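Since the structure comes first, as C-alpha cells, the remarks are kept for the end.
Just so it is clear, none of the values below were taken in a lab; they were calculated from the coordinates. Here the structure is a predicted model, which means the values were calculated and not measured. Counting neighbours? That spans all protein chains shown, and the Cβs are built from the backbone with ideal geometry, glycine included.
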Amino acid sequence: MRIKLFSNYLPLLCLTACVWVSCSQNREKKSGKKDHTPVMRLTTTTIEVPQSYVADVQAVQFVEVKPKVEGFVEAVLVDEGEHVKKGQVLFKLSSAELYEEVKEAQAHHKQAQAELKMAEVEVDRIKRLVEKDIISPIRLEQAMAEADVARLQVQQAKSRLQRAETNFSYTTITAPFEGYVDRIPFKVGSLVTPSSLLTSLTDVSDMFAYFKINEKEYLEYKRTQLSGIDQPEYNNLELILSDQSTYRYKGKVETVEGDFERGTGSIAFRARFANPERLLRHGVSGKIRMLTKMENVVLVPQQSTFEIQDFTYVYTVAEDGKVSVRSFEPLARHGSYYVTQDLPDQTVIVYEGVQMITDGMTINPDMVDGATIHRQLESSNEIENNK
C-alpha cells in the first residue's frame, strides 16, 4: 500500500525538483555572478627583460688573399686552418716572364751607369781642353748636357729595375696580419691570375657581432645616450651560440650604422667580443641577448589576457566583484608574462577563465597567490620546452 502511494506521488516530486533547479538557475543568471573565479593582484616590480636579436658574427679582420701578378703556384707553404703570423710566407709563384724582366732591367741599369760614367769622363776631358783654350766652351756645354741626359737615363733604368723587382716580389705571397688560413683551392702547378682567390685570412683575436634593432628601440637608445645616462645593457651583451650555450665573454656596442634599412625599418649595431681562446670563428651563427632593466612595471600572465584588433585586454575586478574590461600596451614579454606600465599597482584582474567572462558581470573572486601563479607558469613552460 505504501509503495503504491509513493508511486502515485513520484511524478509530482520530480516536477517540483525541476522547478526548483530552474528557479535557481534563473536567479544565478539574474544576479550575473560566476562562482569562484580565480583572480590575482598585480604588484609593481623591477625586472631585467632579455631581448634577443639575430647576430652576424665576423672577424675583426677578414681579407681575401689574391695574387697581384699572373704565374704558376710553385709552393703552398701553409695548410688549411693553420694559424699564421704576420709576414709569414703563404705561397710562392713561378713566373719566368717576371724573372726575365728583372734581368733585363738590371742590364739596362748597368748600361746606363756605364754611359753616365763615360759622359762624366768626357766632361772632365773637355773642361781641361777649354781651360787651355784648345777648344771652344760651347763644346763643354754640349758635353755637360750629354752627361745630364745620361744621368736621367740612369734614373729611368733604376725605376724600371725597381718596378721589375717589385713585380717579381709579388710572386712571394705573405700574410698581411696574424690569423687563420681558410680553404686553399689552388694546388701546386695551378695557373693563377690577379682575380684568383688563393685563400682567405681571418684575425679572430676579437669578434664583431652585428645585430639590428627597430626604430623605436634606436630612438630610446639615442635619447638616453644624449641625456648622459649610462646604459649598462649595451655594455654587457651576451652572445648565445647555436648550441644555446652562453659565450663566456660579454660584448660592448662600439658603433651604429648610418642608415636605416628601408625594407625592414631597422638599423645595425656593431658589438665587440673578446676571443682569447679563439673559440669563435668568422661566420659563426648566434644571437645577441640584452638584459634591459625595467622599473615600476607589472607582470600580467598571458593567459589572463585576450586580444581584439591588435589591442590587448584584461578584466579588472572591483571590490564588489564587478568585472570591467581594460586595455593595456605590452612593453615586452618576459616568459609567460606581458610587461606593462599601463595597469596600476594593486590592480586585481581575472587570472583564469577570461573566455567565460563578459564586461559588467559580477563574480565571486577567488584570490590566487602570485608565487603560486609563478610556479604554475614556470612548470608549464618546462613541460612545453621538453616536448
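What percent does the relative contact order of region 244-370 come to when contacts are Cα pairs within less than 8 Å and at least six residues apart?
Over region 244-370, the number comes to 19 percent.
Return the distance in nm (one decimal) between the two label points of a simple spin-label model at PHE260 and GLU319, each offset 7 Å from Cα along Cα→Cβ.
Result for the modelled spin labels: 4.7 nm.
Using the basic label-point model (7 angstrom from Cα toward the beta carbon), what is the ARG163 to LEU241 distance in nanometres?
Between ARG163 and LEU241, the simple spin-label model gives 5.2 nm.
For labels at GLN51 and GLN113 in the simple 7 Å Cα→Cβ model, what's the distance in nm?
My value for the distance between the label points is 6.9 nm.
Quick one: divide the alpha-carbon radius of gyration of the chain by 2.2 N^0.38 Å and tell me what you get.
In units of the 2.2 N^0.38 Å rule of thumb, it is 2.02.
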